[in-house]
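Notes follow once the structure below has been shown.
The values are calculated or read from the model by the stated rules, or taken from the named source; none is laboratory data. For clarity, every value in this text was computed on a predicted model and none was experimentally measured. Positions of Cβ are generated from backbone atoms using ideal geometry, with glycine treated the same way; all protein chains shown enter the neighbour counts.
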Amino acid sequence: MQGVASPTHALASTTSDSRLPQDSICRDEALLLHDRNDRWPRVHTSQHAWMSYFGDMDDDGLFDYPAGIDAICLVAPPNGAVPTLLDCYFSSDRDFHGYKDGDIFTLSTSGGVQVVFGEDELHALLQPSSGTIDIDALAIWSADILRISLANNLGGTLLGDISDGDILEWDTSTNGVTILATEADVQQWVDQAVGGASAIGDLKSLTMLPGSNSMAFTVQAPTADDASVYSDEAGGSIVQGWHESDWQFQQSTELDALCFVPTTFKQPVVLSTDVAYVQAGHGVKIRLRHAEPSHQLAGIAGIGVHLKAHWRGRSGLAVVDPLFGPIRLWPAANQENILADASGAADYVAVMPQLPPGIPAMKVWFQAMDMDGCSWSSPIVLRLE
Ligand SMILES: [Ca+2]
Ligand SMILES: [Ca+2]
Ligand SMILES: [Ca+2]
Ligand SMILES: [Ca+2]
């Protein structure tokens, strides 16, 4: 690194399901947060959290989540606000519910997703004669200019053949696309970083090094370094503190999405349950983890969803819509306080209400707050039957 402090916080996603020291499941659609001041990287957005954000997109009674996440970037929020997931762009591994793996989408504040830039737009700009478009790496250069990489080689585009290891620059204001760096350039940076390497295979994630004009990225191979973060600084280097071993994966995997984020983007408490359906009037155990040890936790449950960035910050979003009632606070008035244990975990048994007459099922969103740290957890949603 030359004169730029090494970044401390990143959001990432893995290519395959893996495990972290504090997360027995880290799925390929999960987002994990690596805060180098924390002892472990942790799951930040679980499958459960995605289901809460998406809801039941196709009304089949099952909550939905993205078909893998293979690209993420953070757009600066307006007016210098603390960034949240609402300021992130994503791409998925595969098509899902009418959305394409080459689409760039954001979370919709009313549930589901919104396409910001569609695969069809990029297809029209490139007009490939062979290969299908799947964006697998995404970074923001400036407000209108995206840097992307594709998951597959394309033949005969208006720019000629495009390789999955190339980095493209897409000016969305003028609809100009250029090849910014070729796979051979990326290969050279990796060769220099690790002293000669086998073929990198594919460029799988891309982000900008904060405070510099340099790019940071991950590649498919070599296996010992496919979760290491490289940069094009000084002709190619591994970013200090971001070697594969720093992620502490308990099961070998690659990083297929990476985005350095500001230090204000912090780890939320994460909620989970073992069940997807709950019977009205019955109790359900909610697990809370990644809290600060011995902090007091409390929460809100409601039947409406509205995503809103919240001044209480961290990367927390307010998810339960307080204007769409009824809402309940937890723990209930006659229950004990919920305190996180030494590992930052706690359990809470939520007793579900009865369904109103004539209503066969209802969705209930749960969200906790760290009362001492004043930060929203990631949410879960359950179907009450
Ligand atoms: Ca992934
Ligand atoms: Ca569904
Ligand atoms: Ca994709
Ligand atoms: Ca690629």
Selection count where residues are hydroxyl-bearing (Ser, Thr, Tyr) and touching a His at 6+ places or on another chain (Cβ under 9 Å), scope the stretch 47-77:
1
Has the stretch 318-331 got any residue that is modelled with pLDDT of 95 or more and among the acidic types (Asp, Glu)?
no
Filter result for Tyr89 (within 16 Å of ligand 3 (Cβ to nearest atom), more than 26 Å from Val190 (Cα to Cα) and part of a loop (DSSP other than H, G, I, E, B))
no
Name, by its number, the condition in (1) over 25 Å from Ser377 (Cβ atoms); (2) surrounded by fewer than 16 Cβ atoms within 10 Å (Cβ to Cβ); (3) of a type in the set (Ser, Thr, Tyr) that does not hold for Ser110.
(1)
Answer yes or no: is there a residue in the stretch 358-366 that is surrounded by 14 or more Cβ atoms within 10 Å (Cβ to Cβ) and under 27 Å from Trp40 (Cβ atoms).
yes
What's the number of the only condition in (1) assigned to a loop (DSSP other than H, G, I, E, B); (2) within 14 Å of ligand 1 (Cβ to nearest atom); (3) among the acidic types (Asp, Glu) that Asp58 fails to meet?
(2)
Select from the stretch 277-300 the residues that are buried (at least 20 other Cβ atoms within 10 Å of the Cβ) and of a type in the set (Gly, Ala, Ser) and write down the one among them that is nearest to Pro83 (Cα to Cα).
Ala291
Could you say whether any residue in the stretch 16-33 is among the charged types (D, E, K, R), in contact with a Cys (Cβ under 9 Å, 6 or more places away or on another chain) and closer than 20 Å to Asp136 by Cα?
yes
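Is it the case that Gly61 is in contact (Cβ under 8 Å) with a residue 60 or more places away in the chain, surrounded by 15 or more Cβ atoms within 10 Å (Cβ to Cβ), more than 17 Å from Ala257 (Cβ to Cβ) and within 16 Å of ligand 2 (Cβ to nearest atom)?
Spelling it out, it is not the case that Gly61 is in contact (Cβ under 8 Å) with a residue 60 or more places away in the chain, surrounded by 15 or more Cβ atoms within 10 Å (Cβ to Cβ), more than 17 Å from Ala257 (Cβ to Cβ) and within 16 Å of ligand 2 (Cβ to nearest atom).
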Sort through Gly111, Gly102 and tell me the only one that's touching a residue at least 24 places away in the same chain (Cβ under 8 Å) and within 16 Å of ligand 4 (Cβ to nearest atom).
Gly102
Selection within the stretch 237-270 - more than 16 Å from ligand 1 (Cβ to nearest atom), surrounded by fewer than 24 Cβ atoms within 10 Å (Cβ to Cβ) and more than 23 Å from Thr207 (Cβ to Cβ)
Gln250
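Among the listed residues Ser245, Ser198, Ser228, Ser205, identify the single one that is outside any loop (DSSP other than H, G, I, E, B) and free of Cβ contacts under 8 Å to residues at least 40 places away in the same chain.
Unique residue meeting the criteria: Ser245.
If I filter the stretch 36-47 for residues that are touching a Gly at 6+ places or on another chain (Cβ under 8 Å), under 28 Å from Gly344 (Cα atoms) and either within 16 Å of ligand 2 (Cβ to nearest atom) or part of a loop (DSSP other than H, G, I, E, B) (or both), do I get at least one hit?
yes
Could you look through the stretch 21-35, keep only residues that are part of a loop (DSSP other than H, G, I, E, B) and more than 16 Å from ligand 1 (Cβ to nearest atom), and pick out the one that is nearest to Arg289 (Cα to Cα)?
Gln22
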Looking only at strands (runs of 3 or more DSSP E) that fall completely inside the stretch 308-369, which ones have 1 or more residues that are of a type in the set (Phe, Trp, Tyr)?
327-330, 346-351
